[in-house]
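S.K.: Got a structure here, written out as structure tokens. Questions coming.
The values are calculated or read from the model by the stated rules, or taken from the named source; none is laboratory data. Given the structure is predicted, the values throughout are model-derived calculations rather than measurements. Positions of Cβ are generated from backbone atoms using ideal geometry, with glycine treated the same way; all protein chains shown enter the neighbour counts. Ligands, DNA and RNA are excluded from the accessible area calculation, which covers all protein heavy atoms including side chains. Shrake-Rupley method; radii C 1.70, N 1.55, O 1.52, S 1.80 Å.
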Amino acid sequence: MADDQGGRRFQAVDPSDGTPGKSYIGHSVGEALAIVGAAHTAYGGWRRTSFAERSALMAKAAATLRRRADEFAALMTDEMGKTLAEGRAEIEKCAVNCDYYAQNAEAFLASEPVDMGGPKAFVAFRPIGTVLAVMPWNFPFWQVFRFAAPTLMAGNTAVLKHASNVPGCALAIEDVFRDAGFPADVFRTLLIPSSDVKAVIEADAIAAVTLTGSVDAGRHVASQAGAVLKKCVLELGGADAYLVLEDADIDKAAEVAATARMVNGGQSCIAGKRFIAVAAIREAFETALVKKMEAFQMADPRREAAKLGPMESVAARDAIHKQVADSVDKGAKLLTGGQVPDRPGAWYPPTVLTNVTAGMPAHDEEVFGPVAAVIEAKDEADAIRIANDSPFGLGSGVLTSDLARGERIATEELEAGMSFVNQNVRSDSRLPFGGVKHSGYGREVSSFGIREFVNIKSVLVHPS
């Protein structure tokens, strides 16, 4: 990104070969604040629309997404390297989310009566204003729509500050809502750098903030929002642990683990990253996991059969490789991958490390790429201890043939916002999404998500 006649130019780069793509002229701070003001003005009318009106428009947004799915999938491939197959799946997930809130928002926000022993009393859920979303590049449509659909259906308006490497996706999302017939300023995109976010948060027209991103980004936004007493929801990093217990079906466990690790090329907050196998089955699990991981061969993301495209940038790839190399220097053993390919672009192969212990990056840090870390535990209790010995608490998993055992561990023992038994953790419109500890606070999607950015208002009516 560079200055351009007083504004900013956002340059897309194809991560598969490093060639520049389309560039976009961004907004100055003044222009961004004017857009925020327009969204706030639009709120005055939008908040008074009926759920039926909002629902009809949101259903049209879902239809628009499906109609333009190939276009949007190709855009994601161009800007951040997602495979076309994963891109189309992401667009369909966004459409499903729009349909979900079109059908359920009114029920989720219906007033709830309270028995006060006499006077009429109830809890009402009302919109709060214009919400700022600060979003990352890894799921450039889904991250936005899982916020936007409930936010708009609640009667709020929204402005988006997207990651700087996906400017085309950011503008395309605004166009989806325009195409679907939403009023012009109900959803707007700001093409601004991160350094300008503080000025937007401080604008009187902004009521609240939601961020998906790194822990450092979360700290900055939370402190800025807190300084002006504005609520924020944070979905931050994860180092999701999966417990592989001695009674697990090894082949199935390896399949779930590889799927969990390799979603979006490993570039996902809720990707499985640490696989904690009890000693009795560790070697067998490692052998099976290597086979499953190696099935994700690097390939041109524009090929229909591609399962692993490039990482989002060469800088990101190099950071991941350093974490792998540093872990090996400290005693980890490389079972597959771990070598930077001799080719242009941000490529990195599926990688499996074993003998991973505390003090290594693969154990202590979030590794945001196709790298699986296998950690040995003595038994169930030790595996739980290792899983919880992390600053993160986004997702977690238990792989076992004893469903009651798995449910107990997932429910009572693992310190995470989500715990799945015998499946990889993933977001779903019907389940609250979010974490604990350094993985953030607040929840997205489901009935819980739509209530994050509303005024939960107590109303009492007493006879005069």
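S.K.: I'd like the Karplus ³J(HN,Hα) series for segment 448-458: coefficients 6.51, -1.76, 1.60, θ = phi - 60°, whole numbers in Hz, and an x wherever there's a Gly or Pro.
M.R.: 6, x, 5, 8, 5, 10, 9, 7, 7, 9, 8
S.K.: What percent do you get for the relative contact order of the chain when only Cα pairs under 8 Å and 6+ apart count? Don't jump to the answer; show the numbers that get you there.
M.R.: On the way: 1063 pairs, mean separation 83.9, N = 464.
Worked out over the chain, it gives 18 percent.
S.K.: Given only helices, namely DSSP H runs of n ≥ 4 each adding -39500 (n - 2.57), what is the per-residue ellipticity at 222 nm of the chain, to the nearest 500 deg cm²/dmol?
M.R.: Details: 15 runs with 183 residues, N = 464.
Helices in the chain give a 222 nm mean residue ellipticity of -12500 deg cm²/dmol.
S.K.: Further, regarding this structure: Report, to the nearest whole %, how much of the accessible area of segment 314-464 belongs to carbon and sulfur atoms, 1.4 Å probe, protein only.
M.R.: That fraction is 52 percent.
S.K.: Mind listing the Cα extents of segment 243-321 along all three principal axes, in Å, largest one first?
M.R.: Taking max minus min along each principal axis of the Cα atoms, segment 243-321 gives 39, 27, 19 Å.
S.K.: For 327, 23, give me the order by solvent-accessible area with a 1.4 Å probe, most accessible first, ignoring ligands, DNA and RNA.
M.R.: Values: 327 0, 23 40 Å².
If we order 327, 23 from most to least accessible, we get 23, 327.
S.K.: HN-Hα J couplings of segment 176-184 from phi, Karplus 6.51/-1.76/1.60, θ = phi - 60°, integer Hz, Gly and Pro as x?
M.R.: My calculation for segment 176-184 gives 4, 5, 5, 4, 7, x, 5, x, 3 Hz in order.
S.K.: Related question: Using r as the Cβ-Cβ distance of residue 412 and residue 303, and R0 as 45 Å, what FRET efficiency do you calculate, to the nearest 0.05?
M.R.: Numbers: r = 45 Å, r/R0 = 0.99.
With a Förster radius of 45 Å, E is 0.50.
S.K.: Ordering 120, 231 by how much accessible area each has at a 1.4 Å probe, largest first, what is the list? Working shown, then result.
M.R.: Working: 120 130, 231 95 Å².
Highest to lowest solvent-accessible surface, that is 120, 231.
S.K.: Determine how large the accessible area of residue 195 is when every protein chain is in place; take a 1.4 Å probe and give Å² rounded to the nearest 10.
M.R.: Accessible area of residue 195: about 100 Å².
S.K.: Using the Cα gyration tensor of segment 273-370, with a ≥ b ≥ c the square roots of its eigenvalues, what is the shape: rounded (a/c below 1.5), prolate (a/b larger than b/c) or oblate (neither)?
M.R.: Numbers: a/c = 2.40, a/b = 1.38, b/c = 1.75.
Since a/c reaches 1.5 but b/c is at least a/b, the shape of segment 273-370 is classed as oblate.
S.K.: If I stretch the segment between residue 17 and residue 252 completely, what's the gain in nm (0.36 nm per residue apart, minus their alpha carbon distance), one decimal? It would help to have the intermediate numbers written out before the result.
M.R.: Numbers: separation 235, 0.36 × 235 = 84.60 nm, distance 3.52 nm.
Gain in length upon complete extension: 81.1 nm.
S.K.: Mind checking which lysines have their C-alpha under 20 Å from residue 120, skipping anything on the same chain fewer than 8 residues away?
M.R.: Those lysines meeting the cut-off are 457.
S.K.: Please give every one of the aspartates and glutamates within straight-line cross-link reach of residue 273, meaning a C-alpha to C-alpha distance under 13 Å, and leave out same-chain neighbours fewer than 8 residues apart.
M.R.: Within the straight-line limit of under 13 Å, residue 273 reaches these aspartates and glutamates: 240, 364, 365, 366.
S.K.: Oh, and also: What does the accessible area of residue 49 come to, in Å² to the nearest 10, when a probe of 1.4 Å is used?
M.R.: It works out to around 30 Å².
S.K.: Any chance you could list P(r) for segment 309-415, counting all Cα-Cα pairs in 10 angstrom bins from zero, rounded to whole %?
M.R.: 14, 39, 31, 14, 2
S.K.: Quick check: residue separation of residue 401 and residue 111 times 0.36 nm, minus the Cα distance between them. What number comes out in nm?
M.R.: 100.1 nm
S.K.: Could you please state how large a percent of the accessible area of segment 26-136 is carbon and sulfur, counting protein chains only and using a 1.4 Å probe? Working shown, then result.
M.R.: Numbers: 2630 of 4630 Å².
Accessible surface attributable to carbon and sulfur in segment 26-136 totals 57 percent.
S.K.: Taking amide H positions as placed 1.01 Å from N in the peptide plane, with prolines and chain starts having none, which residues 5 or more places from residue 420, or on another chain, fall under 5 Å of its amide H?
M.R.: Counting only residues 5 or more places away or on other chains, the set is 396, 397, 398.
S.K.: P(r) tail for segment 189-231, what percent of Cα pairs lie past 11 Å?
M.R.: Details: 582 of 903 pairs.
Value for segment 189-231: 64 percent of Cα pairs lie more than 11 Å apart.
S.K.: For segment 1-157, compute Rh as the Kirkwood radius over C-alpha pairs and then the Stokes-Einstein diffusion coefficient at 4 °C and 1.567 mPa s; write the answer in µm²/s, rounded to an integer.
M.R.: Working: Rh = 18.1 Å.
Taking Rh from Cα pairs, D becomes 71 µm²/s.
S.K.: Still on this structure, please answer the following. Between residue 315 and residue 423, what is the label-point separation in nm under the 7 Å Cα-to-beta-carbon projection?
M.R.: Those two pseudo-labels are separated by 3.7 nm.
S.K.: Before I look further, what does the chain give for accessible area per residue, probe 1.4 Å, in whole square angstrom?
M.R.: On the way: 18320 Å² over 464 residues.
It amounts to 39 Å² per residue over the chain.
S.K.: Now for a separate question. If the label point is 7 Å along Cα→Cβ of residue 279, which residues in segment 229-268 have backbone nitrogen under 14 Å from it?
M.R.: The answer is 246.
S.K.: Across 10 Å bins from the origin, how do the percents of Cα pairs in segment 195-277 run, short distances first?
M.R.: Calculated over all Cα pairs of segment 195-277, the distribution is 17, 33, 19, 18, 10, 2 percent.
S.K.: Order 348, 441, 43 by their accessible area, 1.4 angstrom probe, all chains in place, largest first. Don't skip to the end; give the middle numbers.
M.R.: Values: 348 0, 441 110, 43 25 Å².
The ordering from most to least exposed comes out as 441, 43, 348.
S.K.: Can you pull out the GluC sites (Glu not before Pro) in segment 271-367 whose DSSP state is coil and whose Cβ has at most 16 other Cβ atoms within 10 Å?
M.R.: Values: sites: 283, 286, 294, 304, 312, 365, 366; in loops: 304, 312, 365, 366.
Listed in order of number, the matching sites are 304.
S.K.: May I pose another question? If I take all pairs of Cα atoms in the chain, what percentage of them are more than 39 Å from each other?
M.R.: Working: 24945 of 107416 pairs.
Value for the chain (Cα pairs over 39 Å): 23 percent.
S.K.: Sticking with this one: Work out, step by step, the length gained on full extension between residue 294 and residue 48: first 0.36 nm times the residue separation, then minus their alpha carbon distance; give nm to one decimal.
M.R.: Details: separation 246, 0.36 × 246 = 88.56 nm, distance 5.40 nm.
Full-extension gain reported as 83.2 nm.
S.K.: Please compute the net charge surrounding residue 153, taking Lys and Arg as +1 and Asp and Glu as -1 over other residues with Cβ under 9 Å from its Cβ. Don't skip to the end; give the middle numbers.
M.R.: Values: positive: 54; negative: 106.
Charge balance in the 9 Å sphere: 0.
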